[in-house]
1. Using R₀ = 35 Å, calculate the FRET efficiency as 1/(1 + (r/R₀)^6) where r is the Cβ-Cβ separation of E49 and I155; round to 0.05.
2. Which residues' amide hydrogens lie under 5 Å from the amide hydrogen of V7, considering only partners 5 or more residues apart or on another chain, with H built in the peptide plane?
3. How would you classify the range 5-183 from its alpha-carbon gyration tensor, with a ≥ b ≥ c the square roots of the eigenvalues: rounded for a/c under 1.5, else prolate if a/b is greater than b/c, otherwise oblate?
4. Take each of the peptides 141-153, 51-63, 121-133, average the number of other beta-carbon atoms within 10 Å over its residues, and list them starting from the highest.
5. Amide H of G31 versus every other amide H placed in the peptide plane: which residues, excluding those fewer than 5 positions away on the same chain, fall under 5 Å?
6. Using each residue's phi in the range 142-148, evaluate 6.51 cos²θ - 1.76 cosθ + 1.60 at θ = phi - 60° and report the 3J(HN,Hα) Karplus result to the nearest Hz, with x for Gly and Pro.
7. Size of the dipole of the range 5-183 about the Cα centre, Lys and Arg at +1 and Asp and Glu at -1 on the beta carbon, nothing else charged, in debye to 20?
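Values in this text are rule-based calculations from the coordinates and carry no lab data. What you see is a predicted model; the values in this text were computed from it and never measured. We place every Cβ from the backbone using ideal geometry, glycine too, and count neighbours over all the protein chains shown.
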Amino acid sequence: MTLPILVFGEEELADLVRVGVPLPDHLVSIGNPRVPWAEREPGTRVRPEFRPRFRSILRLSFQDATERSHLRHPFLARIPEVRDARRVVAFWRRTRREASGYVVHCWAGVSRSTAAALALLYLETGSEAEAVRRLREVRPQALPNLRFVRCFDRILGSRLEAEAKVMQDSRIADFARELASLMEELPVVQDAEPVEEES
């Protein structure tokens, strides 16, 4: 039997914890690295209300980017690495028998967390296609961070990146359709009649 794996944004998860919604008891918490010039930057620590709610917490810290050059301070950037993927896999292997399931969160619950959830779903099911199907079910807005997914492929010998690219292409096509639909709903602006200038 496979364990439930749920994905949320940080604020979304905080709201669920606050009102006491039943959740799986293990958490993968992904946030931003601390930076020396920002003492209390949001998203750089595990929220205090999460600690008593989860039996075990794995904390990862890296930015949501696929290349350092995409960030404002590339030399200080921390992006997903194989060591982060190894920590997720090791956490699953160490806790699988005791866990009631896993919650994964990052800031928005769209990119970093869905990449980790995709790997956990693959570990649970042994199938890339089934992992993608279940991720779409629990987090329809998923756009997994491809660099992080590639890190999991390197250590698991899986082909999750190819599946994640298909998922991204599908979401981009959905966005394009939604945008086209919204554009059709915009009122047509008639050109104003030209104003004749006096000579």
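1. 0.65
2. V104
3. Rounded is the answer for the range 5-183, as its axis ratio a/c remains below 1.5.
4. Going from most to least packed, we get 141-153, 121-133, 51-63.
5. L60, S61, F62
6. Karplus values, whole Hz, x for Gly and Pro: 4, 9, x, 5, 5, 5, 5.
7. That gives a dipole near 660 debye.
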